[in-house]
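Data block below; observations after.
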Amino acid sequence: MICSPFSSTINKQNNYFQGNGYTSPKSYNMQGHNVTNFTGNNLQFTEVEVYQVTERQDETPWRKLPEVKQKVLKSELETYSPPGKLDHVNILLLGAVGSGKSSYFNTINSIFQGRITSVARSGSAEHSLTTTYRLYKIKSTDSRQPLKVRLCDTRGLEDGLNLDLSDLMAIIDGHLPDRFTFNPSVPIRPDIPGYKKNPTLNDRIHCIAFVVDSTAIDVFPDKILQTFKAVQHRVNVQGLPQVVLLTKVDKACEVVSKDVSQLFISSAIRDVVEKTGELLGLPRSHVYPVKNYEDELVLDDNVTIPALTSFVQMTRFADDFLNDCPDLDED
Ligand SMILES: Nc1nc2c(ncn2[C@@H]2O[C@H](COP(=O)(O)OP(=O)(O)O)[C@@H](O)[C@H]2O)c(=O)[nH]1
Ligand SMILES: [Mg+2]
């Protein structure tokens, strides 16, 4: 039944409100009743209550996370050993300045330290705060050993002071040592100090994580997209796994900003995941929405589990890549 019994203001006359609208049956099973016997054939109401219908979030998650405990995910990483004679797996964080690369490392490190830590400098400075290339080790308080998975944090991509494709390929192919300082006016060449001329498989990147700020997806900077595409073009040949870490999900959806547990229920986040996958030509299952620890003082499962899941997935992809890598037995 479509009802619009009154509009604007109606006043009570005698003992009823006189409606000024209409009621009409439509697409509804009235079970033998009609408008006449339903309304008494008038629009006189003794009581009027006004309700607002609001859109209800669909409670079915659009992505199911593994039903294992955080402890199981952590222990998978703590006990992980790369194949062959490799010492560790290297995951490269690549993204615009301010996209949340350093914060992602801090998030993962905090999870394994069991408390909020801030080893990598993060912030909102206009230019990249990270000017050195860092191969971060993640120490676990439980196993007291560093994980055999490292996160590589680069200087951010930005207009003007861009890392060009050959610089990025030097990183991906393992030519740069830990703590290498980028000098925007000196291109990376084999004769610069610290350059590794003959990197081994151990030095190379085994998985690339494009770090994307989920609030920037609608107006994604063209120059950064072009850099991502150029990198993809080069690494697709090697079969290097690629994922997207979609950060700042709390800023992309009001529901998630109030309650991070709604991350995989939020249709706004589902849409951003879909758009990002399309933008980078990657399957949605390779796009991981995460909220980084940034103003929290204590760890929270709703933040930890999506971040840890993304980290486990990247490690598994890197492991698959290495197992299939023809150079594996040479190192
Ligand atoms: N609200 C929110 N802020 C974030 C998140 N991740 C990073 N930030 C903030 O974004 C800013 C840039 O982060 P940073 O990690 O330095 O970016 P980087 O340049 O890619 O290393 C910092 O102020 C962070 O606190 C997130 O998931 N949510
Ligand atoms: Mg940084």
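For segment 64-92, filtering for residues that are surrounded by fewer than 17 Cβ atoms within 10 Å (Cβ to Cβ) and of a type in the set (A, V, I, L, M) leaves 3. In segment 222-248, how many are surrounded by fewer than 16 Cβ atoms within 10 Å (Cβ to Cβ) and part of a loop (DSSP other than H, G, I, E, B)? Matching residues across segment 222-248 total 3. Selection of segment 70-114 for residues being more than 10 Å from ligand 1 (Cβ to nearest atom), in a helix (DSSP H, G or I) and among the charged types (D, E, K, R) yields 71, 74, 76, 78.
Would you be able to tell me the number of residues in segment 315-331 that are within 28 Å of the chain's Cα centre (by Cα) and either part of a helix (DSSP H, G or I) or surrounded by fewer than 20 Cβ atoms within 10 Å (Cβ to Cβ) (or both)?
10
Mind checking whether some residue in segment 257-276 is within 22 Å of residue 215 (Cβ to Cβ), touching a Ser or Thr at 6+ places or on another chain (Cβ under 6 Å) and not basic (Lys, Arg)? Steps first, answer last, please.
Of the residues in segment 257-276, the ones within 22 Å of residue 215 (Cβ to Cβ) are 257-276.
Now drop any that are not touching a Ser or Thr at 6+ places or on another chain (Cβ under 6 Å), which leaves 272.
Going one step further and asking which of them are not basic (Lys, Arg), we end up with 272.
The answer is yes, given that some residue of segment 257-276 is within 22 Å of residue 215 (Cβ to Cβ), touching a Ser or Thr at 6+ places or on another chain (Cβ under 6 Å) and not basic (Lys, Arg).
Number of residues in segment 153-202 that are at pLDDT 80 or above, surrounded by fewer than 16 Cβ atoms within 10 Å (Cβ to Cβ) and charged (D, E, K, R) equals 6.
Does segment 177-197 include one or more residues that are touching a Gly at 6+ places or on another chain (Cβ under 8 Å), closer than 26 Å to residue 137 by Cα and either among the hydrophobic types (A, V, I, L, M, F, W, C) or within 14 Å of ligand 1 (Cβ to nearest atom) (or both)? For segment 177-197, residues touching a Gly at 6+ places or on another chain (Cβ under 8 Å), closer than 26 Å to residue 137 by Cα and either among the hydrophobic types (A, V, I, L, M, F, W, C) or within 14 Å of ligand 1 (Cβ to nearest atom) (or both): present. Entry remark, segment 253-303: residues being under 30 Å from residue 230 (Cα atoms) and not hydrophobic (A, V, I, L, M, F, W, C) number 16 in total. Residue under question is residue 312, and the condition is that it be more than 16 Å from residue 92 (Cα to Cα) and either in the same structural domain as residue 117 (by TED's automatic domain parsing) or assigned to a helix (DSSP H, G or I) (or both); does it hold? For residue 312, the condition - more than 16 Å from residue 92 (Cα to Cα) and either in the same structural domain as residue 117 (by TED's automatic domain parsing) or assigned to a helix (DSSP H, G or I) (or both) - is not met. Within segment 254-290, can you find the residues that are of a type in the set (D, E, K, R), part of a helix (DSSP H, G or I) and over 22 Å from residue 94 (Cβ atoms)? Matches in segment 254-290: 254, 258, 270, 271.
From the list 253, 207, pick out the single residue that is free of Cβ contacts under 8 Å to residues at least 40 places away in the same chain, under 19 Å from the mean Cα position of the chain (by Cα) and in the same structural domain as residue 94 (by TED's automatic domain parsing).
Working: 207 fails: free of Cβ contacts under 8 Å to residues at least 40 places away in the same chain.
That would be 253, the only listed residue that is free of Cβ contacts under 8 Å to residues at least 40 places away in the same chain, under 19 Å from the mean Cα position of the chain (by Cα) and in the same structural domain as residue 94 (by TED's automatic domain parsing).
The residue of segment 98-152 that is modelled with the highest pLDDT, among those that are near ligand 2 (Cβ under 9 Å from one of its atoms) and of a type in the set (A, V, I, L, M), is 120.
In the set (1) assigned to a loop (DSSP other than H, G, I, E, B); (2) away from ligand 2 (no atom under 16 Å from the Cβ), residue 251 fails one condition alone, (1).
The values are calculated or read from the model by the stated rules, or taken from the named source; none is laboratory data. These figures come from a predicted structure and were not determined experimentally. Methodologically, a virtual Cβ is constructed for each residue, glycine included, from the backbone with ideal geometry; neighbour enumeration extends over all protein chains shown.
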